[in-house]
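Reviewing the structure listed below.
The values are calculated or read from the model by the stated rules, or taken from the named source; none is laboratory data. Note that the coordinates shown come from a computational prediction; the quantities given were computed from them, not determined experimentally. Quick reminder, even Gly has a Cβ in these numbers, built from the backbone with ideal geometry, and neighbours come from all protein chains shown. Keep in mind that these areas ignore ligands, DNA and RNA; they rest on the heavy atoms of the full protein, side chains included. Shrake-Rupley method; radii C 1.70, N 1.55, O 1.52, S 1.80 Å.
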Amino acid sequence: MTYLVYMILHVLAVSIVVLTIFIKKPGFRLVGVVCGAVAIWLPLFMLLKTLGLPNPDTPSGKVRILGSKMHDTEDVLYVFVDTLGRDKTPRVFSIPVERKRYNRRGNAVDYTMQVVSVEPGDGGMFELVYIDYEPPDLLKGGMMRRYQAPDSER
Amino acid sequence: MTELLTSIILMALQLATVCLLFAMLFLHATERWWLRAATLALGAGAIVLPILSVSAMLGHPDPWPSGGRYEVYGWDVNESDEAIYVFVAAEGDPVPRQFKLPFDLKVALRLQKARENRGGYHRIDIKIDPGKNRDRPEYEFIFVKAFEEE
């Protein structure tokens, strides 16, 4: 909601600046300058206000679920995920998931620490598909830990 | 990290487009068709770029959490980044959000213990106080046990 309000304000501010460029009147120019100044700062406020909120895009590839919460009234599941190697910062996503399906598993359904991929289901909804995930073996192929490496001074 | 970089680049481009629009505002020959086309293109860019920039950062943690009491739905401890990421929702707010909190070894160990014994807790709350230093908010986890100890 906050995101939408800021976005509408931003579109309005930029549109007024563009209009004032075409309407050559001294008073309008001042309005254009004020709106331009607003258009510079609004995206920054928008970014600060929306940091931490769920991303409406579904996560791509495999993700490990660190926590989840179903919306109180709508068919939306919020997931807190580890992107498995993309980087170390977890992300929050909102995924349209059928409430009946979620409830059938019981509200105490524990997705936590499960590796899943989000796949499209019926009627614009999505499904969480469990993956039997094996973490990469770092010792495979003759790789060794630093403490296992031969001492170069010897 | 890629999203952060993309967002910074898009923000810089947005700033540049608005500055160019400012320049157009004081240009006196906007009757030329190519200047009009350029103005419209810059206007469209100034509208679209922030949308892309903010969208790229949606879902990332907020390092400056607002104060209050929240219910905790998940967490991730990252000692190398010296951060504890929490997935929380305020009372009455159906939409949860993610906060980044400063690392504390005692809290990290307590959270590890809680993860090993998830069924043992009725709920976990967190009380956050932004404090004087906005970069290091103060916080306290409140563990409500499912069963009272005898």
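Descriptive notes on the structure:
Matching residues to (1) modelled with pLDDT of 65 or more; (2) under 29 Å from B:Ala90 (Cβ atoms); (3) of a type outside the set (S, T, N, Q); (4) surrounded by 14 or more Cβ atoms within 10 Å (Cβ to Cβ):
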residue: A:Tyr78; (1), (2), (3), (4): yes, yes, yes, yes
residue: A:Gly85; (1), (2), (3), (4): yes, no, yes, no
residue: A:Gly106; (1), (2), (3), (4): no, yes, yes, no
residue: A:Met125; (1), (2), (3), (4): yes, yes, yes, yes
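- Selection within the range A:8-50 - facing chain B (nearest Cβ under 7 Å) and either touching an Asp or Glu at 6+ places or on another chain (Cβ under 6 Å) or farther than 20 Å from B:Ala16 by Cβ (or both): A:Phe22, A:Arg29, A:Thr50
- Taking the range A:48-71 as the range and being part of a strand (DSSP E or B) and free of Cβ contacts under 8 Å to residues at least 40 places away in the same chain as the test, the residues that pass are A:Asn55, A:Lys69, A:Met70.
- Selection of the range A:72-89 for residues being facing another protein chain (nearest Cβ under 7 Å) and touching a residue at least 12 places away in the same chain (Cβ under 8 Å) yields A:Tyr78, A:Phe80, A:Asp82.
- Among residues of the range B:84-128, those that are more than 12 Å from every other protein chain (Cβ to nearest Cβ) and among the small types (Gly, Ala, Ser), counted: 2
Conditions tested, residue by residue: (1) surrounded by 14 or more Cβ atoms within 10 Å (Cβ to Cβ); (2) closer than 30 Å to A:Ile40 by Cα; (3) modelled with pLDDT under 90.
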{"residue": "B:Tyr70", "(1), (2), (3)": "yes, no, no"}
{"residue": "B:Ser80", "(1), (2), (3)": "no, no, yes"}
{"residue": "B:Ala83", "(1), (2), (3)": "yes, no, no"}
{"residue": "B:Val88", "(1), (2), (3)": "yes, no, no"}
{"residue": "B:Lys113", "(1), (2), (3)": "no, no, yes"}
{"residue": "B:Gly131", "(1), (2), (3)": "no, yes, yes"}
{"residue": "B:Glu149", "(1), (2), (3)": "no, no, yes"}
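- For the range A:33-64, a tally of residues being open to solvent by 70 Å² or more (accessible area, probe 1.4 Å) and either modelled with pLDDT of 90 or more or aliphatic (A, V, I, L, M) (or both) returns 3.
- Pair list, Cβ under 9 Å, 6 or more apart: the range B:33-50 residue farther than 19 Å from B:Ala12 by Cα, other residue open to solvent by 60 Å² or more (accessible area, probe 1.4 Å) and not in a helix (DSSP H, G or I): B:Leu35/B:Leu27
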